Amino acid sequence: MSNIGTYDERRKNFDWSISEEELEYKPENVINIGWYCSDRICQMGKADKLALIWEGFGGREKKYSYNDIRLASNTIGDFLQKCGIKSEDRVCIFLDRIPELYLGFLGILKIGAIAQPLFSAFGDESLLVRLENAETSAIITQRKHVGKVRKIIDKLPHLKHVIIVDHDGKKPLKEREMVFSLEEAEPVENLKIYPTKAESASVLHYTSGTTGLPKGVKHVHYSLIGQYLTAKWVLDISDDDIYWCTADPGWVTGTSYGIIGPWSLGVTQCVLDAGFSADAWYRFIEKHKVTVWYSAPTAIRSLMKAGDEVVKKYDLSSLRHLVSVGEPLNAEAVVWSEKVFGRPFHDSYWQTETGAIMISNYPGMKIKPGSMGKPFPGIEATILDPETYNPISQPGRIGLIAFKPGWPSMMRTYWKNEETYKSKFVNGWYLSGDRANIDKDGYFWFIGRDDDVINTGGHLVSPFEVESALLEHEAVAESAVVSKPDEVNMEVVKAFVVLHPGHEPDDDMELNIMNFIRKRLSPLAMPQEIEYVESLPKTRSGKIMRRLLHAKEWGEEIGDTSTLEDE
Ligand code: PRX
């Protein structure tokens, strides 16, 4: 029997107090995610149970019990406090998926500070805008990433500490840099846990929009109530599972379900900090006997591409439940996973802003391959008419996905951007910015985004950010960025570029521009193709019409061009 039992029954009798009671939380009490994910599990008699099995490049392995993660997070929290970090200060974690990332996350929360995880492949410009916006006080990083911090530190007066966790003691430290080694530090047995309340800020995740700078999505400690129960009912995690979430905690899946969900449930989780290959992933599942696997469509499509033969080389019989998130999970991928793993991937849908899973396919519920499933019990979801913002009652009609506000893990605001936050609510609904329809059985079918944001391999990229960075390149006069279709990543970034006179549109230039973006922003934001054009289509008011370029890439109808400049 699955944890959720019968979906329809759960929906009928649902109250978030189910989660509060299981977590022994009473309104107005202290609620601290760092404590819940380590100290509480130890107090429940599971101090010696494995919390983390970590594997790095070349098969290097480390294991941590719940008592180990309790002590390690105490130690990091204590170190931060001694540096002068106080409650609500922002502490950025800029690390590969090494143990310090996971343990540091808990340590930051334990002292009441706000964790700001950032993807370690971000370039200096991506890092700068996010640290500037959050007025971050400290950054925890590695030797190999410190160069990016050094490049921008003069522009960051709030950043008081650059903490390097793997310093070899040889190279001299620069201004504001300091060394912390978890292995060498004296373990701190007793740390005073900061008495955070439900509405105390916990995590700040940055997400990209069509326009403007990335937005800092503010979450609070009460989000635990949602993350705990969704991990239990959707991912179906139980005490003796071995759980693997393939997402990087630089993104919300990697924190909500790569740290908070599994550890608040006291389960053993595995982390693989190595590059992707089908063999490496299957070997990892076989070696650690992974039972519950949370991954993403691009990874699944890459595994499909690697073929069925490679699956047969490994014993994957431990796998019990498979779930996917981040982008549309095509029906073929569901059918394929059923064929090769004997289990279908269950699609789940949510966002950085929602903090936890909103729509999903549940264990025991009939899956319609290609559909996202149904709203989590306790979540009221609908499709709104894009003109009137009223719910659409006809099955199959496309509209905007919207949710009735009030679930525990909902973002509380965009950092220093209350106006944009408010603009997300209309007629008492939270607008997700995605389009879908609902069939006659209540299943949601994803159609697409309602903006220009590019979802490449499950990662959101802002065309505006890429266009702005392109303009910093000395050869680029104008640019427009759209998505183009891709077999594995669903869509990738494509840039249309007008060069300044005197610059040649050759292969060298293309590579040069691509690398420029990779270094400044990230490998995800790097255009996979650059098309040189004489001019870009613009409206009479001078705005670039991305819509036209997008339609051309996707072979779609161009639509109304009556405001085009050249007409
Ligand atoms: O467009 C939807 C897409 O990813 C967006 C959220 O991205 P992010 O905030 O980075 O969070 C990703 C992980 C929670 C959504 O607005 N998306 C997410 N899940 C799905 C999806 N698109 C289709 N199907 C999904 N299951």
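Filter the range 1-41 down to residues that are open to solvent by less than 10 Å² (accessible area, probe 1.4 Å), part of a loop (DSSP other than H, G, I, E, B) and of a type in the set (Val, Ile, Thr) and give me whichever is farthest from TRP407 (Cα to Cα).
Filtering the range 1-41 for residues that are open to solvent by less than 10 Å² (accessible area, probe 1.4 Å), part of a loop (DSSP other than H, G, I, E, B) and of a type in the set (Val, Ile, Thr), the one farthest from TRP407 (Cα to Cα) comes out as ILE4.
In the list TYR222, TYR243, TYR257, which residue meets the criterion of being open to solvent by 10 Å² or more (accessible area, probe 1.4 Å) and at pLDDT 95 or above? Let's see the steps before the verdict.
Working: TYR243 fails: open to solvent by 10 Å² or more (accessible area, probe 1.4 Å); TYR257 fails: open to solvent by 10 Å² or more (accessible area, probe 1.4 Å).
On inspection, the qualifying residue turns out to be TYR222.
Would you point out which residue out of GLY59, GLY107 is small (Gly, Ala, Ser), more than 18 Å from VAL203 (Cβ to Cβ) and not assigned by TED's automatic domain parsing to the domain that holds PHE464?
On the way: GLY107 fails: more than 18 Å from VAL203 (Cβ to Cβ).
It is GLY59.
Which residues, taken from the range 380-407, are crowded, with 21+ Cβ neighbours inside 10 Å and not in a strand (DSSP E or B)?
TRP407
I need a count of the residues in the range 442-491 that are closer than 27 Å to GLY373 by Cα and without any contact (Cβ under 8 Å) to a residue 40 or more places away in the chain.
Residues that pass the stated criteria total 4.
Within the range 398-449, work out how many residues are among the aromatic types (Phe, Trp, Tyr) and assigned by TED's automatic domain parsing to the domain that holds ASN330.
Matching residues across the range 398-449 total 8.
Residue-by-condition table, conditions (1) open to solvent by 30 Å² or more (accessible area, probe 1.4 Å); (2) in contact with a strand residue (DSSP E or B) (Cβ under 6 Å, 6 or more places away or on another chain); (3) at pLDDT below 95:
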site	(1), (2), (3)
VAL165	no, no, no
PRO172	yes, no, yes
ARG176	yes, yes, no
PHE180	no, yes, no
GLU184	yes, no, no
ILE193	yes, no, no
TYR206	no, yes, no
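Yes or no: LYS148 of a type outside the set (Gly, Ala, Ser), part of a loop (DSSP other than H, G, I, E, B) and over 22 Å from ALA356 (Cβ atoms)? Explain how you work it out, then say what you get.
Numbers: of a type outside the set (Gly, Ala, Ser): yes; part of a loop (DSSP other than H, G, I, E, B): no; over 22 Å from ALA356 (Cβ atoms): yes.
No.
Among the residues of the range 201-227, what is the count of those that are outside any strand (DSSP E or B) and of a type in the set (A, V, I, L, M, F, W, C)?
Within the range 201-227, residues that are outside any strand (DSSP E or B) and of a type in the set (A, V, I, L, M, F, W, C) number 3.
Restricting attention to the range 450-466, which residues are open to solvent by 20 Å² or more (accessible area, probe 1.4 Å) and within 13 Å of the ligand (Cβ to nearest atom)?
Matches in the range 450-466: ASP450, ASP451, ASP452, ASN455, GLY458, HIS459, LEU460.
May I ask you to list the residues in the range 358-374 that are buried (at least 20 other Cβ atoms within 10 Å of the Cβ) and either within 13 Å of the ligand (Cβ to nearest atom) or not assigned by TED's automatic domain parsing to the domain that holds PRO249 (or both)?
MET358, ILE359, SER360, ASN361, SER371, MET372, GLY373, LYS374
Taking the range 335-357 only, how many residues are without any contact (Cβ under 8 Å) to a residue 60 or more places away in the chain and either open to solvent by less than 20 Å² (accessible area, probe 1.4 Å) or away from the ligand (no atom under 15 Å from the Cβ) (or both)?
Of the residues in the range 335-357, 11 are without any contact (Cβ under 8 Å) to a residue 60 or more places away in the chain and either open to solvent by less than 20 Å² (accessible area, probe 1.4 Å) or away from the ligand (no atom under 15 Å from the Cβ) (or both).
Tell me, which residue of the range 228-272 that is under 19 Å from the mean Cα position of the chain (by Cα) and assigned to a loop (DSSP other than H, G, I, E, B) is farthest from LEU101 (Cα to Cα)?
VAL234
Run PRO249 past the list (1) of a type outside the set (Val, Ile, Thr); (2) at pLDDT below 95; (3) crowded, with 24+ Cβ neighbours inside 10 Å and report the number of the one that doesn't hold.
Here PRO249 meets the rest and fails (2).
Under 7 Å between Cβ atoms, at least 6 apart or on separate chains: pull out the pairs that start in the range 286-297 with a residue that is within 12 Å of the ligand (Cβ to nearest atom) and among the aromatic types (Phe, Trp, Tyr) and end on any residue that is at pLDDT 95 or above and assigned to a helix (DSSP H, G or I).
Short answer, once both residue conditions are applied: TYR294/TYR257.
Hey, any hits in the range 435-449 for a residue that's within 16 Å of the ligand (Cβ to nearest atom), open to solvent by less than 10 Å² (accessible area, probe 1.4 Å), of a type in the set (D, E, K, R) and at pLDDT 95 or above?
Scanning the range 435-449, I find no residue that is within 16 Å of the ligand (Cβ to nearest atom), open to solvent by less than 10 Å² (accessible area, probe 1.4 Å), of a type in the set (D, E, K, R) and at pLDDT 95 or above, so the answer is no.
The values are calculated or read from the model by the stated rules, or taken from the named source; none is laboratory data. Keep in mind it's a predicted model, so treat the numbers as computed, not measured. Cβ: placed from backbone, ideal geometry, glycine included. Neighbour counts: every protein chain shown. These area figures cover heavy atoms from the full protein model, side chains too; ligands, DNA and RNA do not enter into them. Shrake-Rupley method; radii C 1.70, N 1.55, O 1.52, S 1.80 Å.
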